[in-house]
Amino acid sequence: MVNPPDPKFSRIHLRGARLLDPKSGTEHEQDLILGEGVIQQAGRGLMTPPDAIPLNASGLLTVPGLIDLHAHLREPGEEYKEDLESASAAAAAGGFTAVCAMPNTKPPNDTRAVTELILSRAKAVAGVRVYPVGAISQGLKGEMITEVGELKDAGVVAISDDGYPVMNSRLMRRALEYGRTFGLPVVQHAEDSNLSERGVMHEGLCSTRAGLLGQPAQAEEILVARDLALVELTGARYHVAHISTAGSIKLVRDAKRRGLPVTCEVTPHHLTLTDEACLGYDTSTKVNPPLRTAKDVEALREALADGTIDAIATDHAPHSSVEKDVEYDSAAFGMIGFETALSLILKLVDQKVISLATALERLTWGPARVFNLRGGTLNEGSAADVTCIDLDRKWNVNIRGLRSKSQNTPFAGWEMRGKAMLTIVGGKIVHDE
């Protein structure tokens, strides 16, 4: 972590910044003065206050800090994979100023005590903002609902059983009703586990060629369809985590047209890779939901461009070699994503899949709106969470140079273009290249 070098500087003056505010859709050159946790001034040619450190941001694209709705920080319980300090460093290096911590910790975040522990540790680390997501069911077992009101009071911003899909329709209805009562979105890992069974990749030609058990796309789509029926019944806010199939996109698009309060997110890896990546048996490609077909990737990209998809989320899932350096069937699901996400999305901009403004909206204001979080805009008075990006910076993904404790990424060795050079949270520098 990096802070202003002299304690007499209590503010930051970003000079000559090319500002892009996805919320307002504006782009222009301006100065920003950050202090007391907020953006205090925005304008051309501002004088540097005596208590402000001047930073030259010319040549850099300055945007609201990136926000990740879906990440696994592993603390408490699996700190050998990741902890809040290493996760915060990795997120900041990727340009993220806020991350939502999923509840599949050990113990799971199903009580006030665990929520408060996570928030306390995040405050001690003093890095990026950490927003806990609480469990829907006690112990993530899908049987008894948690004390949702107590979790909300403790500080959770959403509820989810994360990688454990809520198969019980009655429990899901109750979760949606409690979510509506307490103003929390309900996040679903959409997977009919009876249909997906023990599948380790997408079911199709590639799984046949690889000789691996597959999960059909319908396993995701069936649960999305059921949940949308329950949303229509309850009127609650519903969010599809890491959406991955063309069929699911069609269901969500139709639900939005009908006015249902539905949102969804997509990961950079589901926008970038297909199930063909699994043919090399690299366990870093083993994720859940699995990498899908080229047709699904195309549908996801179209949905990202037309607004059906509200946010881009990393699903950062660190694992050690103990879980990954094994046979494909036995490996844990998941890959790390904080430090490669921005570059992968900028690659889609270069390929004319989406505009730069759309890409950054889905990384900032989009997620802020979905979970009602601070940030996502550069308006005066908003949170002083800012990311400065060098769009032309070329770099190679060197797993030994990553800030995460884990190295499970299929993008090792890839040449990237575009990088976060400066990350500021609440007016404090947390990453500086």
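Quick notes on this structure:
- Taking the criterion of being under 30 Å from GLU79 (Cβ atoms) and of a type in the set (A, V, I, L, M), the residues of the stretch 385-412 that qualify are VAL386, VAL397, ILE399, LEU402, ALA412.
- Selection status of ARG198, more than 25 Å from LYS347 (Cα to Cα) and surrounded by fewer than 16 Cβ atoms within 10 Å (Cβ to Cβ): yes
- Residue identified as assigned by TED's automatic domain parsing to the domain that holds ALA359, at pLDDT 95 or above, touching a Pro at 6+ places or on another chain (Cβ under 7 Å) and in a loop (DSSP other than H, G, I, E, B) among HIS319, HIS242: HIS242
- PRO108 over 20 Å from MET335 (Cβ atoms) and either touching a strand residue (DSSP E or B) at 6+ places or on another chain (Cβ under 9 Å) or surrounded by 22 or more Cβ atoms within 10 Å (Cβ to Cβ) (or both): yes
- Within the stretch 375-398, the set of residues being touching a Phe, Trp or Tyr at 6+ places or on another chain (Cβ under 9 Å) and either assigned by TED's automatic domain parsing to the domain that holds ILE309 or at positive phi (or both) comprises GLY375, GLY376.
- Among the residues of the stretch 357-399, those that are surrounded by fewer than 18 Cβ atoms within 10 Å (Cβ to Cβ) and under 12 Å from GLY418 (Cβ atoms) comprise ASP390, LEU391, ASP392, ARG393, LYS394, TRP395.
- Per-region count, the stretch 63-83, residues surrounded by fewer than 24 Cβ atoms within 10 Å (Cβ to Cβ) and either in contact with a Leu (Cβ under 8 Å, 6 or more places away or on another chain) or assigned to a strand (DSSP E or B) (or both): 3
- Residue match in the stretch 86-101 (condition: touching a strand residue (DSSP E or B) at 6+ places or on another chain (Cβ under 9 Å), assigned by TED's automatic domain parsing to the domain that holds VAL322 and in a loop (DSSP other than H, G, I, E, B)): yes
- If you check ARG121, ARG180, ARG173, ARG209 for being in the same structural domain as GLU85 (by TED's automatic domain parsing) and within 30 Å of LYS428 (Cβ to Cβ), only one passes: ARG121.
- Meets criteria (part of a strand (DSSP E or B), in contact with a Leu (Cβ under 7 Å, 6 or more places away or on another chain) and either crowded, with 24+ Cβ neighbours inside 10 Å or in the same structural domain as LEU184 (by TED's automatic domain parsing) (or both)) for GLU339: no
- Conditions (1) surrounded by fewer than 16 Cβ atoms within 10 Å (Cβ to Cβ); (2) in contact with a His (Cβ under 9 Å, 6 or more places away or on another chain); number of the one not met by LEU213: (2)
- Test: residue in the stretch 335-346 that is aliphatic (A, V, I, L, M), farther than 25 Å from ASP392 by Cα and in contact with a helix residue (DSSP H, G or I) (Cβ under 7 Å, 6 or more places away or on another chain): yes
- All of THR26, THR62 fail the test of being under 28 Å from the mean Cα position of the chain (by Cα), modelled with pLDDT under 95 and among the polar types (S, T, N, Q), apart from THR26.
- Taking the stretch 27-54 as the range and being more than 16 Å from GLY426 (Cβ to Cβ) and not charged (D, E, K, R) as the test, the residues that pass are HIS28, GLN30, GLN41, ALA42, GLY43, GLY45, LEU46, MET47, THR48, PRO49, PRO50, PRO54.
The values are calculated or read from the model by the stated rules, or taken from the named source; none is laboratory data. Keep in mind the model is a prediction, meaning the values are calculated, not measured. Heads up, the Cβs are rebuilt from the backbone with ideal geometry, glycines too, and the neighbour counts pull from every protein chain shown.
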